[in-house]
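The values are calculated or read from the model by the stated rules, or taken from the named source; none is laboratory data. Since the model is a prediction, treat every value here as computed from it, not as a measurement. Backbone-built Cβ (ideal geometry, glycine too); neighbour counts: all protein chains shown. Each accessible area value is taken on the protein alone, full model and side chains, heavy atoms only, with ligands, DNA and RNA left out. Shrake-Rupley method; radii C 1.70, N 1.55, O 1.52, S 1.80 Å.
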Amino acid sequence: MTSATTVKSSPHVLPPLPYAENALDPVISAQTLGFHYGKHHKGYVDKLNTLIAGTALADLSLEEIIARTSGKADQAEIFNNAAQAWNHTFYWHSLQPAGSNEPPANLKQLIDSSFESFAACKSELVAAATTQFGSGWAWLVLDGGKLKVVKTGNAQTPLAQGIKPLLTIDVWEHAYYLDYQNRRPDYAKAVVDKLLNWRFAADNLP
Ligand code: FE
């Protein structure tokens, strides 16, 4: 079915990290980022390329593959790898090295009308990242004109539900275990307090 040649010519490439592997240290160590990006993220991209080589999905974007395979039991493996490839690129861009910045004015206005305050929005994100049972993701999304914090399990992504993601936090154990072991709440709080890129979230507003 899938030869080494078709795999080699598959279209999806691992996008470069938007910063150096040690840029998020000490909140996320270079060791964690190195494995997470270089092994886990790369693994999803490589596996997806293997799965779609020579199929009708081979020339489609990640977003199109996610839309076409979502909810289809016989295409779950393709969905999972495509969604994980997309989710991870979105996660890298949701973080930034220079410390969590302040939301730009247009986003700040939406935060204030959707939550009690910026602090309440951040608390909800920490809570979602902490309480997601098992592997998954915490998200800030735009849904029906309002901002919401949601969580998804495993590879699930708001994209598949037609909801606009603005920021995400990976809460799979591979995202934090080398640095925080079982202390997921400490990882969640440190990421929300120190790394979230609110400029990126604002840029995702329609
Ligand atoms: Fe991950």
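Computed over the chain, the per-residue total of -39500 (n - 2.57) for DSSP H runs of n ≥ 4 gives a 222 nm mean residue ellipticity of -13000 deg cm²/dmol, rounded to 500. You can think of it this way: the chain between Asn182 and Asp74 has 35.5 nm of extra reach, that is 0.36 nm per residue less the Cα-Cα gap. For Lys47, a cut-off of 23 angstrom between C-alpha atoms picks up these lysines, skipping any fewer than 8 places away in its own chain: Lys8, Lys39, Lys72. Note that the chain presents 48 Å² accessible area per residue, ligands and nucleic acids not counted, probe 1.4 Å.
Can you give the relative contact order of the chain as a percent, counting alpha carbon pairs under 8 Å and 6+ residues apart? Could the numbers behind the result be given before it?
On the way: 305 pairs, mean separation 49.9, N = 206.
Rounded, it is 24 percent for the chain.
Bridging of Lys122 to lysines at a Cα separation below 25 Å is possible for Lys108, Lys146, Lys148, Lys151, Lys164, Lys189, Lys194, once same-chain residues fewer than 8 apart are set aside. Does segment 104-171 classify as rounded, prolate or oblate by the C-alpha gyration tensor (a ≥ b ≥ c root eigenvalues; a/c under 1.5 gives rounded; else a/b over b/c gives prolate, otherwise oblate)? The shape class here is oblate.
Suppose we flag chymotrypsin sites (Phe, Trp or Tyr not before Pro) only when DSSP calls them loop and at most 15 other Cβ atoms lie within 10 Å. Which is the longest uninterrupted stretch of the chain? Write down the numbers at each step before the final one.
On the way: sites that count: Tyr19, Phe133.
Longest site-free region, per DSSP loop and neighbour criteria: 20-132.
Give the longest segment of the chain that steers clear of trypsin sites (Lys or Arg not before Pro) in DSSP loops with at most 16 neighbouring Cβ atoms within 10 Å, not counting the sites themselves. Please list the in-between numbers first.
Values: sites that count: Lys72, Arg183.
Longest run free of exposed loop sites: 73-182.
The string of couplings for segment 62-79 from the Karplus curve (6.51, -1.76, 1.60, θ = phi - 60°) is 4, 4, 5, 5, 4, 5, 6, 9, 4, x, 9, 4, 6, 10, 4, 5, 5, 4 Hz, one whole number per residue in order, with x for Gly and Pro. With a simple spin-label model that places each label point 7 Å from the Cα along the Cα-to-Cβ direction, the separation between Asp59 and Ser113 comes to 4.3 nm. Sequentially through segment 133-143, phi angles give Karplus couplings (6.51, -1.76, 1.60; θ = phi - 60°) of 7, x, 6, x, 9, 10, 9, 9, 10, 10, 9 Hz, Gly and Pro residues having no value and appearing as x.
Under 5 Å between amide H atoms, partner at least 5 residues away or on a different chain: which partners does Ala53 have, H built in plane at 1.01 Å? Residues meeting the criterion, in which the H sits 1.01 Å from N, do not exist here. Computed from phi, the 3J(HN,Hα) profile of segment 82-99 under the Karplus parametrisation 6.51, -1.76, 1.60 (θ = phi - 60°) reads 5, 5, 5, 4, 5, 4, 5, 4, 5, 5, 4, 7, 6, 10, 8, x, 7, x Hz, with x in place of Gly and Pro. Report, in degrees rounded to the nearest 10, the 0 to 90 angle that the Cα long axis of helix 42-52 makes with the longest principal axis of the chain. Between helix and principal axis, roughly 40 degrees.
Is the chain rounded, prolate or oblate when judged by the Cα gyration tensor, a ≥ b ≥ c being the square roots of its eigenvalues, rounded requiring a/c under 1.5 and prolate requiring a/b larger than b/c? Display every interim value, and only then the final one.
Numbers: a/c = 1.94, a/b = 1.46, b/c = 1.33.
Prolate is the answer for the chain, as a/c is 1.5 or above and a/b outweighs b/c.
Summarising the amide proton neighbourhood of Asp143: residues at separation of 5 or more, or on other chains, whose placed amide H is nearer than 5 Å comprise Lys148.
Compute the Cα gyration tensor for segment 133-206, then decide on rounded, prolate or oblate, letting a ≥ b ≥ c be the square roots of its eigenvalues: rounded whenever a/c is under 1.5, prolate when a/b is larger than b/c in the other cases, and oblate in all that remain. Please report the intermediate quantities before stating the final value.
On the way: a/c = 2.69, a/b = 1.54, b/c = 1.75.
Note, shape of segment 133-206 comes out oblate.
What a 1.4 Å probe finds exposed on the chain is 54% carbon and sulfur by accessible area, rounded to a whole percent.
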